[in-house]
Amino acid sequence: MASNNAVPNKEAVGHVGLAHRHRRQSIPLVLTDTASSADPSEVEALTTPSLVSSNGLTALVPLERRTVHQRVYDALRRLLIEGQLDAGEVLRIQTVATKLATSTMPVRDALARLVSERALEALPNRSVRVPEATRERLDDVARARSLVEGEAIRLAAPRLSVDDIDLLRAMTKAYDKVATTGGDHGYRASYNHAFHFGIYRACGSAVLLPIIESLWLQCGPFIRASADLYDGSSELRATHFHWEILEALERADADAAVEALRRDIGRAFDLLRTRWPTQLPAGQGAGA
């Protein structure tokens, strides 16, 4: 591994550009009721991914009985956003209901919502599937993510506090540890999602966040495929551009943060374009 990809320590990165910022309550990096903390020793407790040792439907666990409809939707939505499901994978109502130890009605409702959000496609046999991956869809999602998420990080840059960035740094160190020790895709995807949305939630826009969430729902299959191709195939560590983003945010350099983010997004999609050419022909599904 090239030496210039080493994780920068706190002294090397410093707090350049942050001295003028006021401390405020840190933005939570995960959807939890736990209070945020900038203490790195608490980061793993705050950010432990819920999908830890399995992929796809095997990552689903039985739900508590309260608010079942919403919890079923949230569980499936998380699988999609974190790339836990493959392009073209079929989801059958009864199978999902059995995995979640619930009835078929909340599963049917959740799948219908996800179809309406274009995260899933309805099939004639009452099943649904993850959309097939095509070159056009890949290019479209990549372009949209760069534009929308670039604006979100530009807005978030002056709003992030010292505590927020400390927590993002500790999160990235934890992600590094998982990536270098061969942690499974569920862990890595959860850390990646938490890092990005820990920044985007600071943008102050109630309009941008739902758009970004929709884009992540649609690009889940690409995240999964790129992660499978990335393993052991790149000289850059998985968090390389996350560290660049953090350095830019510490300098309060919004332009540099946007550029690092676009390189981070672009790397995953470029990997698919260059190393998955036969499975991703223009205008055809990945399984064609």
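Values in this text are rule-based calculations from the coordinates and carry no lab data. Note that this is a predicted model, so its numbers are computed, not measured. Quick reminder, even Gly has a Cβ in these numbers, built from the backbone with ideal geometry, and neighbours come from all protein chains shown.
Quote to one decimal, in nm, the extra length available between ARG267 and GLN70 on full extension: 0.36 nm per residue of separation minus the C-alpha distance between them.
Going from the current span to full extension adds 67.5 nm.
Quick one: length gained pulling SER127 to LEU209 fully straight, 0.36 nm per residue minus the C-alpha distance?
Computed gain between SER127 and LEU209 is 26.6 nm.
Let me check the size of segment 115-208 from its C-alpha atoms; what are the radius of gyration and Dmax in Å?
Values for segment 115-208 (Cα only, Rg and Dmax): 17.0, 53 Å.
If R₀ is 30 angstrom, what is the calculated FRET efficiency for the pair ALA101 and LYS177, using the beta carbon separation as r and rounding to 0.05?
0.35
What FRET efficiency would be calculated for the residue pair VAL115, ARG159, taking the C-beta separation as r and a Förster radius of 41 Å, to the nearest 0.05?
Calculated value: 0.70.
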